Amino acid sequence: MAKDRKRNPPQRNAGTPGAAVASAPGQKQAGLSRNGAAAGEEARARPRGAGAPGAGLSTRRFFEIYKRGQGYYTRMGTVIGGAILILAGMNYLWEQLGVFADPNHIWTLYFRAGVPLLFGAALGLFLFWVSGSSRKCCDFLIATEGEMKKVSWSTRREVVGSTKVVILFTLLLAAILFVVDIAFLLFFSSIRVVQVPPEILRRIFGLD
């Protein structure tokens, strides 16, 4: 029995070295397959238009409108108000530069017209940047319009009623102040602190 054990030693379950080497490429390929499947699921879960993970960090163009369609009324109000101020400034520059106008030198006309145009173009680009391109300014305008939509506006009946109350109160207060003013005038005139001509009193009371 001892001789048979020496001749035929028991086989181990560890396997041959060649089998271990052959299984390594298979494990690597399986890992690559799992990574590819995970990447595909991530791409499908990403919303359309999101692009690559770093695409949102890319710089936008200057003339690209930020969040188009949002904050329309606040943006348009900003543009209209800014345009009025820019036109007023251009008109002011045109009038002030009139002292340089000389009919004998055509360049003075170009200078007088060019300065307001450059002024308007520069401020127009700045106005576009504020209302359409700047992230912070546009987010502020959009948030402002969102807050304005939350305001509870009064009805037509409430506005009419409040207006009537204000008008009546103003008229009543004016009448009270008129009576008090006349009373003080008569009092100080009677004690000779203020000398009021009689014709003025007759005009006040409509006796003429």
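The values are calculated or read from the model by the stated rules, or taken from the named source; none is laboratory data. Bear in mind that the values here come from a model prediction, so they are computed numbers and not experimental data. Using ideal geometry, Cβ is built from the backbone for each residue, glycine included, and neighbour counts are taken over all protein chains shown.
Wholly within the range 103-208, which helices (runs of 4 or more DSSP H) include no fewer than the required count, namely at least 2 residues that are exposed (fewer than 10 other Cβ atoms within 10 Å of the Cβ), within 36 Å of the chain's Cα centre (by Cα) and not acidic (D, E)?
135-149, 156-190
Taking the range 75-102 as the search range and keeping residues that are β-branched (V, I, T) and exposed (fewer than 14 other Cβ atoms within 10 Å of the Cβ), which one is nearest to S131 (Cα to Cα)?
Only one residue fits best here, namely I80.
Out of curiosity, is I106 within 30 Å of K149 (Cβ to Cβ), in the same structural domain as I142 (by TED's automatic domain parsing) and free of Cβ contacts under 8 Å to residues at least 24 places away in the same chain?
Spelling it out, it is not the case that I106 is within 30 Å of K149 (Cβ to Cβ), in the same structural domain as I142 (by TED's automatic domain parsing) and free of Cβ contacts under 8 Å to residues at least 24 places away in the same chain.
Under 6 Å between Cβ atoms, which residue pairs at least 6 apart in sequence (or on different chains) link something in the range 86-97 that is in the same structural domain as F119 (by TED's automatic domain parsing) with a partner that is among the small types (G, A, S) and surrounded by 12 or more Cβ atoms within 10 Å (Cβ to Cβ)?
I86/G120; M90/G120
P116 fails exactly one of the following numbered conditions: (1) in contact (Cβ under 8 Å) with a residue 40 or more places away in the chain; (2) touching a Phe, Trp or Tyr at 6+ places or on another chain (Cβ under 6 Å). What is the number of that condition?
(1)
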